[in-house]
Structure formats: C-alpha cells, structure tokens
Ligand code: ARG
C-alpha cells in the first residue's frame with residue numbers, strides 16, 4: 001500500500017451496551033458457557049470503546065439492550081446500510097433472531113429505507129462496504145452464518161456489486177473477524193480464513209491490501225473499526241497495530257477482553273450507519 005496521508009472521515013455508528021451480556025449458549029468456537037463474564041468490566045470496556053469513537057469526533061447512537069438477548073452487544077450483526085438503504089439481518093441461530101427486530105425499529109424511527117432480509121444474513125458481521133473501490137463495492141462472507149442467497153439479495157436491495165467470499169475456518173465465522181476496510185478503498189485481511197479461490201479474488205481486487213496472519217486474526221486484530229486514519233482495535237492485537245501503522249494509519253488499542261469471550265471485539269460491537277450522501 002502506498003504511504004500517503006490517511007484522511008479520517010466523520011462516521012455515524014450504532015452500539016448497544018452489554019447490560020445483559022453473558023455466555024448462555026455456544027454458537028461459535030470462542031464461546032464457553034463454563035466461563036463467567038465480568039459484567040462490570042464488560043460494561044466499562046464498552047463505555048471506553050464508545051467514548052473513544054465519540055472522542056474521535058464520530059456520532060455514536062445507542063440502541064437499548066434487551067433482557068434475554070445476551071449477544072445484542074454485537075450491534076454489527078443487526079443490519080447493513082449503504083447510502084440510506086438498510087438491508088435487515090436474519091440471524092442463523094434462533095437465540096439471536098429477535099435482535100433483528102430491535103434494529104429494524106431503530107432504522108424505522110430514523111426514516112431509513114428498510115428492506116427486510118429474506119435470507120439468513122448477519123448484517124455487518126458478513127458485509128463490508130468500500131465506497132471508493134470500483135465505484136462502491138460490497139464484500140460479503142459466507143460459509144458459517146450468512147447464506148450466499150443473501151449476497152444476491154443484498155445486491156438487489158443496495159444496488160452495488162457484491163463479491164462473495166467463502167470463509168473456511170470456524171474460528172473466523174464472520175467476515176469481520178477476517179477482513180476489514182481500512183478506508184474507502186483499502187482493506188486488510190487474513191488469507192487463511194478464506195478458500196483458495198476467494199483468496200485469489202481478494203488478491204486480484206485488492207493487490208495493495210495489508211496482509212494479516214493467523215496470530216493477528218486470533219487476537220481479533222482484524223475485527224477493527226477505522227475512520228480512514230484512526231484504526232481502533234483490540235488491545236492484544238499489537239502485531240496488527242504495527243502493520244496498520246506501517247501502512248500509514250494510527251492504531252488505537254482498546255481492551256475488550258470480556259466481549260472476546262463471546263467471540264467478538266471492536267467491529268462486532270459497532271455498526272456503521274451510512275446515510276444518503
Ligand atoms: N456470540 C456472537 C455470535 O456468535 C458473536 C458475534 C460477533 N459479531 C461479529 N460481528 N463478528 O453470534
């Protein structure tokens with residue numbers, strides 16, 4: 001990647017506090033119902049992330065947490081928006097299904113154009129948007145959660161080309177655990193999380209990507225939120241921090257040890273809202 005000045009862009013985010021967060025079931029390899037979550041610590045870490053994003057000048061909306069939905073803190077999974085249109089989530093696992101309605105309510109109140117997802121898809125967990133790549137490109141993951149039929153549906157709803165990528169390692173079950181947008185047209189990803197053919201597609205479309213390794217991905221270093229300059233990522237992902245720094249971005253580490261017990265980190269906790277430009 002060329003070493004130019006990385007310009008931040010003001011973002012709008014949606015987060016949901018971990019007020020009812022717990023490990024009550026196992027739907028990914030990181031979860032273990034035997035480990036107790038430190039609820040107070042989870043909330044403090046979440047607030048620190050919230051304040052970090054707000055402190056960078058971004059607008060952060062907060063969705064009320066609901067009892068009985070312990071994974072609702074992973075707000076990225078509730079929907080995916082591009083230029084004012086929202087493609088609603090439909091969760092793979094019944095335990096999380098009601099979260100989609102809570103997100104739908106938020107967008108309805110905000111006057112967004114909302115399209116319900118008829119196929120299983122977990123919002124920004126499996127969809128990423130690069131507004132400056134190829135005129136506006138959507139990258140989409142499948143293999144564990146989102147149904148490939150949802151990729152085609154998202155393309156029809158959002159009117160942007162969707163590139164389907166196959167995830168092959170259950171530890172990296174959502175696209176956002178293996179790939180992230182660093183700015184409007186640059187990405188970083190861990191090739192080993194993708195099928196050989198999908199690796200080929202990514203190399204062709206993004207020859208200047210920042211390449212991460214297994215250790216970066218296991219430290220949730222790819223589960224990051226970037227505003228184009230400031231890259232907010234998990235505290236343990238020090239190697240990933242150095243990689244983005246070498247590419248001209250400014251890493252900002254936050255400790256999300258408790259959210260990691262549920263199989264998520266920074267990006268999982270943050271949905272980006274993309275209003276009509
Ligand atoms: N426990 C949640 C699940 O397995 C974690 C979701 C993480 N979110 C994400 N965007 N990767 O569904």
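Before moving on, here are some points about what is shown:
- Rg/Rh for the range 92-197, where both radii come from Cα atoms and Rh is the Kirkwood radius: 0.97
- Packing, taken as the mean count of other beta carbons within 10 Å per residue, orders the peptides 174-180, 266-272 from highest to lowest as 174-180, 266-272.
- The chain: antiparallel DSSP beta bridges as a percent of all, rounded to 5: 50
- Anisotropy class of the range 145-193 from Cα gyration tensor, a/c 1.5 cut: oblate
- Choice from 186, 230, 93 showing the highest fluctuation, given a GNM over the chain with Cα pairs closer than 10 Å: 93
- Cα gyration tensor, the range 221-277 - rounded (a/c under 1.5), prolate or oblate: oblate
- DSSP bridge orientation in the range 1-151 - percent antiparallel, rounded to nearest 5: 55
- Protection proxy ranking of 33-44, 48-59, 81-92, by the mean of other Cβ atoms within 10 Å over each peptide's residues and highest first, is 81-92, 48-59, 33-44.
- Mean projected area of the convex hull spanned by the Cα atoms of the range 48-153, taken over all viewing directions: 7.7 nm².
- Antiparallel DSSP beta bridges within the range 105-181, percent to nearest 5: 45
- The chain: equivalent-ellipsoid semi-axes (sqrt of 5 x gyration tensor eigenvalues, Cα, Å): 24, 22, 19
- Gyration tensor (alpha-carbon) shape descriptor, the range 106-154, a/c threshold 1.5: oblate
- Translational diffusion coefficient (Stokes-Einstein; Kirkwood radius from C-alpha pairs) of the range 196-243 at 20 °C, 1.002 mPa s, in µm²/s: 184
Values quoted throughout were computed directly from the atomic coordinates according to the rules given, and no laboratory measurement underlies them. This is a predicted model, so every value here is computed, not measured. Note: ideal-geometry Cβ built from the backbone for every residue, glycine included; neighbour counts use all protein chains shown.
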